[in-house]
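All of the numbers you see were taken from the coordinates with simple rules; none came from a lab. Bear in mind that the values here come from a model prediction, so they are computed numbers and not experimental data. Note that each Cβ is placed from the backbone with ideal geometry, even for glycine, and that neighbours are counted across all protein chains shown.
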Amino acid sequence: MAPPADLRAWIALLEREGELVRVGAEVDPHLEVTEIVDRVVKAGGPALLFENAKSQHPLLINQFGTERRMCLAFDAPTLDDVGRRLGDVLEMQPPQGLAEKVRGLKKLKSIADSQPKTVRSGPVQEVMLQGDEVNLGRLPVQTCWPGDAGPFITLPAVITKDPRTGGRNVGMYRLQVLDERTTAMHWQIHKDGRADYLMTDGKLEVAVALGLDPVTAYTASAPLPKHVDELMLAGFLRGEAVELVQAKTVDLEVPANAEIVLEGYIQQGELAEEGPFGDHTGYYTPPEPFPVFHVSALTMRRDAIYPSIVVGKPPQEDAWLGKATERIFLPAIRMSVPEIVDYDLPVAGAFHNCCIVSIRKAYPGQAQKVMHAIWGLGLLSLTKAVVVVDEWVDVHDYDEVFFRVGANVDPKRDVLISEGPLDHLDHAPTLQFYGGKLGIDATHKGPTEGTREWPPEIEMSDEVRRRVDERWSEYGLGAAPEPNGRRRAALRQLLRR
Ligand SMILES: Cc1cc2nc3c(=O)[nH]c(=O)nc-3n(C[C@H](O)[C@H](O)[C@H](O)COP(=O)(O)O)c2cc1C
Ligand SMILES: [Mn+2]
């Protein structure tokens, strides 16, 4: 098996796995869909295909809403396995011996095969609408929350090219529908699409793909370095190149397997008020000027399916896109900060508010070094609070992390207050984009860091553990409870569902 080839194969797979429900009842994409999905997401429920969302196009939502579906999308047992695929390539060493050389060549080939390839035609261009024929009002675009300024296209893959280098960028940036043929383009200031826009002194051509296979859709949200094409990552993770067709009215290539593509342009300096929008921070983002996207053509499949997602107070469906990024990027992070063992971005922290990181600590001040590394690493640089724990602490076990913070921290000595760039959407800092950072060093310390001798942690001896394991049935206490760590892990899985 391989990850699904397009949205329809994905829907079929979800259906076979009992992971999708078709809803025939008429529903309103204005607020009603949000309320339904909010309940289903929080209950760990299925993907929903609304076949009658007051539009001729069905609306697909909650395709990513559980860990199981995310793993189905990547065709991997766990998200860490997806990360390992990438790590294997990143950590390639000069091969020793013939067997390793052959394996090395295979890895190199898998990179070469990841390049998107151009094909002559694709289903996304079965229907072609241009000029006045384009009417975004025909799509079941959701107005998600009562305070939203209007309908927003929430799950797009926005494609642009760097005017200097021609390098492609694909990003997930929401589009507020302003009228039949224009939207706002929500390029936050730290993002690659915005950089392409700033580099142009006239028109920037833009294509927006909607309804992709799940891996390619995910990669639009992946925080890659600017010069890396997200479609290349998609090809690598799928094990098959993304196929592209030439767009009809702009000089861009678009995924041949998409359901819908919006083609058009953005004129440098033409801005419109975007928002308010009920955002993934759990608050409404206030109105702010953003570039205007003119849609000059709309191509689609016959009976095109429209994909959507709701963000809001966590947890929402996007939690799992974020968790995928957390897991997939761990090997890449360890390439530049090798002492990092693991990290966790709590969903409740909206991803940029908090990062818990465990490190293999070998010298004084290393926790502070890692805090600064995170504050200097891609979009992780926007992290507000970093909590550093020792390598033996399970960063995904928030009880254990809280225990370490309580037990190991002298606030005067171990709390670092710094400052730097903050997330575009963070409403808490006094200034937009810029403010305070908090680092908490919850690792063990020693005299070289100005502390007293650090006491040993309480652990039962292996010998007694074994004896109790063997004798458990004699005690008449029923089935043996799971050892602590494993029980917590199971509990966490349950809470996540
Ligand atoms: C559901 C969802 C919606 C998002 N909406 C936006 C958005 O409106 N604007 C934005 O700048 N980033 C948004 N993001 C985050 C970007 O997709 C992410 O930062 C990605 O790395 C951007 O691509 P880039 O790194 O090529 O700029 C969203 C992410 C998700 C999962
Ligand atoms: Mn990018």
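Just a few scattered comments:
- In this simple spin-label approximation, Glu100 and Glu391 carry label points 7 Å from Cα along the Cα→Cβ vector, and these lie 2.2 nm apart.
- Full extension of the segment from Asp132 to Ala112, taken as 0.36 nm per residue of separation minus the current Cα-Cα distance, would add 3.0 nm.
- In the range 346-414, the C-alpha radius of gyration followed by the widest Cα-Cα span (Dmax) gives 11.9, 32 angstrom.
- Peptides 294-300, 36-42 ordered by average Cβ neighbours within 10 Å, highest first: 294-300, 36-42
- Using just its DSSP H runs of length 4 or more, each adding -39500 (n - 2.57), the chain gives a mean residue ellipticity at 222 nm of -8500 deg cm²/dmol after division by all residues.
- For the chain, the longest principal axis of the C-alpha atoms and the axis of helix 398-408 are separated by about 50°.
- Protection proxy ranking, highest mean first, for peptides 59-70, 3-14: 59-70, 3-14, where packing is the per-residue count of other beta-carbon atoms within 10 Å, averaged.
- Out-of-range pairs (alpha-carbon distance over 23 Å; input Lys109/Lys248; Lys191/Lys323; Lys106/Lys161; Lys226/Lys369; Lys191/Lys384; Lys107/Lys369): Lys109/Lys248; Lys106/Lys161; Lys226/Lys369; Lys107/Lys369
- Segment Ala428-Arg452, extension gain: residue separation times 0.36 nm, minus the distance between their alpha carbons: 4.9 nm
- Under a model in which nothing but the beta-carbon of Lys, Arg (+1) and Asp, Glu (-1) is charged, the chain shows a dipole of about 980 debye around its Cα centre.
- With the charge dipole of the range 243-362 set up from +1 on Lys and Arg Cβ and -1 on Asp and Glu Cβ about the Cα centre, the Cα lying farthest toward the positive end among the listed residues Trp320, Ile260, Ile356 is that of Ile356.
- Förster radius 30 Å - calculated FRET efficiency between Arg22 and Arg68 (Cβ-Cβ, nearest 0.05): 0.95
- Share of pairwise Cα-Cα distances greater than 18 Å in the range 304-389 is 45 percent (whole percent).
- Note on the range 1-53: Cα Rg divided by 2.2 N^0.38 Å, N the number of residues, gives 1.24.
- Taking label points 7 Å from Cα along the Cα-to-Cβ direction, Asp462 and Glu35 give a separation of 5.9 nm.
- Simple point charges give the picture: +1 on the Cβ of Lys and Arg, -1 on the Cβ of Asp and Glu, and for the range 55-127 a dipole about the Cα centre of about 280 debye.
- When the chain is described by a simple charge dipole with +1 on each Lys and Arg Cβ and -1 on each Asp and Glu Cβ, the residue from Val170, Gln368, Ala47 located farthest towards its positive end is Gln368.
- Ratio of Rg to Rh for the range 167-282: 0.95 [Cα atoms; Kirkwood radius as inverse mean 1/r over pairs].
- Inter-part distance where the range 300-372 and the range 1-66 are each reduced to a Cα centre, Å: 25
- Extension gain, Asp179 to Thr165: 0.36 nm times the residue separation minus the Cα-Cα distance gives 1.8 nm.
- Considering only alpha-carbon pairs that sit under 8 angstrom and 6 or more positions apart, the relative contact order computed for the range 366-464 is 29 percent.
- Kirkwood radius and radius of gyration were both taken over the C-alpha atoms of the chain, and their ratio Rg/Rh is 1.00.
- Hydrodynamic analysis of the range 1-152 uses the Kirkwood radius over alpha carbon pairs. Inserted into Stokes-Einstein at 4 °C and 1.567 mPa s, it gives a translational diffusion coefficient of 68 µm²/s.
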